[in-house]
Amino acid sequence: MIRPQKSATKSGLSDVLQRLNPEEAAAVLRHLLAKHLELRPEAEQFATDHLSSGSIEEVAQDVYDRILGIDLDALNGRAGKHAWGYVEPGEAALELMDESLQDLVDDMKRKAELGLLPAAQVVCAGIVQGLYQARDTKSDGALGWAPDFPAEHADYVVGDFLRACPVKNREEARKNLTEILSQSAPKWAESLRRAANEGAKA
């Protein structure tokens, strides 16, 4: 005879919650917030605090490690002959470094669009600082094949940040960012200032 399963114990429920994937955890959170509206302010504050955590130095170190971590094996796997054609090593290097930072750029834009400008600015300044630190580093990997990537990508990131900011906040964000970057990336100051100006006007 098949016996009905007993309800899960508290320990079992705890295990279930810990093993949820991100999509399942998000579904549980949405259900709880819909059912318990009184939890929404606390959840929003926690989310804001979580998204605002981190420092420029932490982001910069992460960027530096990502760029220098793309070694010759990764480059050889992307460059050369493929079914769709030939990929130059320099082109492959640019693609790999761009892809390695894309989630950080997406996170920066998401925070800016949510109005969390200080948090978005931390990510932007951290990316630029990490690229600046990597600019003259000798590398046998991707960076060695595309040494102009750090400076060019820094301009792109700054422009992206300003374009993602709400229009009413762009001028203040531009001033704050250019002041920070003039100190952390002095040799790129003029180029970054132009990128910021263009992004703020977009």
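The values are calculated or read from the model by the stated rules, or taken from the named source; none is laboratory data. Computed from a predicted model, the values in this text were never measured in an experiment. Cβ placement follows ideal geometry from the backbone for every residue including glycine, while neighbour counts extend to all protein chains displayed.
May I ask you to verify whether residue 130 is crowded, with 22+ Cβ neighbours inside 10 Å and either over 17 Å from residue 94 (Cα atoms) or charged (D, E, K, R) (or both)? For residue 130, the condition - crowded, with 22+ Cβ neighbours inside 10 Å and either over 17 Å from residue 94 (Cα atoms) or charged (D, E, K, R) (or both) - is not met. When residue 47 is tested against (1) at pLDDT below 55; (2) loosely packed, with under 11 Cβ neighbours inside 10 Å; (3) part of a helix (DSSP H, G or I), exactly one condition is not met: (2). Scanning segment 190-202 for residues that are closer than 16 Å to residue 135 by Cβ and exposed (fewer than 15 other Cβ atoms within 10 Å of the Cβ) returns a single hit, 190.
Quick check, is residue 185 farther than 21 Å from residue 102 by Cβ and surrounded by 13 or more Cβ atoms within 10 Å (Cβ to Cβ)? Against the criterion (farther than 21 Å from residue 102 by Cβ and surrounded by 13 or more Cβ atoms within 10 Å (Cβ to Cβ)), residue 185 does not qualify. For the residues 105, 87, the requirement of being over 20 Å from residue 179 (Cβ atoms), in the same structural domain as residue 180 (by TED's automatic domain parsing), surrounded by fewer than 21 Cβ atoms within 10 Å (Cβ to Cβ) and touching a strand residue (DSSP E or B) at 6+ places or on another chain (Cβ under 8 Å) singles out 87.
Scan segment 144-188 residue by residue and report those that are hydrophobic (A, V, I, L, M, F, W, C) and in a loop (DSSP other than H, G, I, E, B). Spell out the reasoning first.
If we filter segment 144-188 for residues that are hydrophobic (A, V, I, L, M, F, W, C), which is where we start, we get 145-146, 149, 151, 154, 157-158, 161-162, 164-165, 167, 173, 177, 180-181, 185, 188.
Once the filter is applied, which keeps residues that are hydrophobic (A, V, I, L, M, F, W, C) and in a loop (DSSP other than H, G, I, E, B), segment 144-188 yields 146, 165, 185.
Could you tell me whether segment 154-166 includes any residue that is under 14 Å from the mean Cα position of the chain (by Cα) and among the hydroxyl-bearing types (Ser, Thr, Tyr)? Among the residues of segment 154-166, at least one is under 14 Å from the mean Cα position of the chain (by Cα) and among the hydroxyl-bearing types (Ser, Thr, Tyr), which makes the answer yes. Output yes when any residue across segment 76-95 is under 22 Å from residue 194 (Cβ atoms), in a helix (DSSP H, G or I) and out of contact with any Lys or Arg (no Cβ under 8 Å at 6 or more places or on another chain), and no when none is. Checked segment 76-95: at least one residue is under 22 Å from residue 194 (Cβ atoms), in a helix (DSSP H, G or I) and out of contact with any Lys or Arg (no Cβ under 8 Å at 6 or more places or on another chain). Scanning segment 61-81 turns up one or more residues that are at pLDDT below 75, out of contact with any Ser or Thr (no Cβ under 9 Å at 6 or more places or on another chain), small (Gly, Ala, Ser) and surrounded by fewer than 14 Cβ atoms within 10 Å (Cβ to Cβ). Checked against the criterion of being among the hydrophobic types (A, V, I, L, M, F, W, C), surrounded by fewer than 22 Cβ atoms within 10 Å (Cβ to Cβ), touching a residue at least 60 places away in the same chain (Cβ under 8 Å) and out of contact with any helix residue (DSSP H, G or I) (no Cβ under 7 Å at 6 or more places or on another chain), segment 159-174 has no qualifying residue.
Residue under question is residue 130, and the condition is that it be at pLDDT 95 or above and touching a Phe, Trp or Tyr at 6+ places or on another chain (Cβ under 6 Å); does it hold? Criteria met by residue 130.
Looking at this structure, is residue 170 farther than 23 Å from residue 75 by Cα, over 17 Å from the mean Cα position of the chain (by Cα) and modelled with pLDDT of 95 or more?
yes
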